[in-house]
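Novice: Sending over a structure as structure tokens; questions will come in a sec.
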Protein chains: 2
Amino acid sequence: MNILRKNTDYALRMMCNLAGNYRQRAVSVRMLARQEDVSYQFACKILQKLQVADLVESVMGPAGGYRLCREPEKITMLDVIQAMQGNITVNRCTDKYDNCPRQPNCPVSIVLRRLQRNVDEFFVKVTLKDLLNNK
Amino acid sequence: MNILRKNTDYALRMMCNLAGNYRQRAVSVRMLARQEDVSYQFACKILQKLQVADLVESVMGPAGGYRLCREPEKITMLDVIQAMQGNITVNRCTDKYDNCPRQPNCPVSIVLRRLQRNVDEFFVKVTLKDLLNNK
DNA sequence: CATATATAGGACTATTATTATCCTATATGA
DNA sequence: TCATATAGGATAATAATAGTCCTATATATG
């Protein structure tokens, strides 16, 4: 299966779209939905989640829509992912708050914690600006 | 959510157990289940899957059980993961056979394919022997 | 050769997560 | 005041995951 949910996939694409329009205008959900191939209703839900997470802000009324809350270089993939699907953990035992009795000497957990660090680092290092620049 | 399913987590632990007993004896499912905290019935299912994937072989009858098909250094985490939950893909678009029309220039996909390579490489490099040695 | 101890594996249930839609309320610019 | 937007609760539909039940089959050993 996929590590990223469809939700998150849609959200990342819509956030890229908003990043491309940053400081120009609010983009309506209808427009975002059409351009990024997401159903209108579902796009509404996703944007509401992104708003709760303080990544986008809404403009109501005609000519309304959504825009980023801050500069594209200050929003990371991790921000978007966490807003949509929470923390990504490699395994139960790589979650900070796990209390598996085999810790901390379980061989499986020792190795997986290493991958966990790689993944965390990856997502926190990539910003929306990087995405736009194909970095 | 977790990248590795509970199934896979159980499987990895049981495989470590079998690796520790390699060339000594077949370990019964009852024993594996008790030592690794998995229900007996569920452990049976998991081992059957591992057998279909040619990672373990069964010995029927009294004093029977399971043993690894080959040396612990010749079985990777990827082998176990694929047997239990198939390929792990970062996103739809990092799957080899994906045909998303945005390919190959989608900014999201370009970045995620990089992570995909990291993850693949990680799992293929760690063997059961490494796990036992806490490498 | 009977029996106790194992695995084999199909069928099924339960639970949870994901994806999505429907509907009504509210805000606001022209 | 009306057309064009978002807000958000409720709920449906689907799919994945986790786990159990039951009966069949293999085999070492007394």
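Novice: Going down the list A:129/B:129; A:49/B:45; A:49/A:129, which pairs span over 32 Å between their C-alpha atoms?
Specialist: A:129/B:129; A:49/B:45, as the Cα separations exceed 32 Å there.
Novice: I would also like to ask the following. Taking each label point as 7 Å beyond Cα in the direction of the beta carbon, state the distances from residue B:40 to the same residue in the other copies, shortest first, in nm.
Specialist: 5.9
Novice: Could I ask something else about it? Just to be sure I understand: if you take the accessible area of chain B alone plus chain A alone and subtract the pair, with a 1.4 Å probe, what total do you get in Å², rounded to 100?
Specialist: 3600
Novice: Next question, about the same structure. Please list the helices of chain B that count as membrane-span-like by this rule: a mean Kyte-Doolittle hydropathy of at least 0.0 together with Cα atoms stretching 20 Å or more along the helix axis, each helix being a complete DSSP H run.
Specialist: Both cut-offs are met by B:107-125.
Novice: So what's the gap between the Cα centers of the range B:25-40 and the range A:64-124, to the nearest angstrom?
Specialist: If you average the Cα positions of each part, the centres end up 32 Å apart.
Novice: If you wrap a convex hull around the alpha carbons of chain A, what volume per residue comes out, as a whole number of Å³?
Specialist: Details: hull volume 16.1 nm³, N = 135.
Value for chain A: 119 Å³ per residue.
Novice: Next question. Taking a point 7 Å out from Cα toward Cβ as the label site, list the nm distances between residue A:61 and the same residue in every other copy, smallest first.
Specialist: Ordered by increasing distance: 8.6 nm.
Novice: Rounding to the nearest 20 debye, state how big the charge dipole of the protein assembly as shown is about its Cα centre with +1 on each Lys and Arg Cβ and -1 on each Asp and Glu Cβ.
Specialist: The dipole of the protein assembly as shown has a size of about 40 debye.
Novice: Per-residue ellipticity at 222 nm for chain B, helices alone: DSSP H runs ≥ 4 residues times -39500 (n - 2.57), over residue total, nearest 500 deg cm²/dmol?
Specialist: Rounded to the nearest 500, the figure is -15500 deg cm²/dmol.
Novice: Something else: Accessible area of residue A:1, 1.4 Å probe, to the nearest 10 Å²?
Specialist: Per-residue accessible area (residue A:1): approximately 130 Å².
Novice: What pairs in A:96/B:125; A:96/A:135; A:6/A:74; A:96/B:96 have C-alpha atoms more than 28 Å from each other?
Specialist: In this structure, A:96/A:135; A:96/B:96 lie more than 28 Å apart at Cα.
Novice: Most mobile of B:118, B:105, B:17 per a Gaussian network model of chain B (Cα springs, under 10 Å)?
Specialist: Its mean-square fluctuation being the largest, the pick is B:105.
Novice: Taking the label point as lying 7 angstrom from Cα along the Cα-to-Cβ axis, what are the distances from residue A:96 to the corresponding position in the remaining copies, in ascending order and in nanometres?
Specialist: When each copy's label point is compared with this one, the spacings are 3.8 nm.
Novice: From other protein chains only, count the Cβ atoms within 10 Å of every residue's Cβ in A:92-105, then give the mean.
Specialist: Counting Cβ atoms of other protein chains within 10 Å of each residue's Cβ and averaging gives 1.
The values are calculated or read from the model by the stated rules, or taken from the named source; none is laboratory data. Source: prediction; values computed, not measured. A quick note on method: Cβ atoms are made from the backbone with ideal geometry, for glycine too, and the neighbour counts reach across all protein chains shown. Heads up: the accessible areas ignore ligands, DNA and RNA and are worked out on the full protein's heavy atoms, side chains in. Shrake-Rupley method; radii C 1.70, N 1.55, O 1.52, S 1.80 Å.
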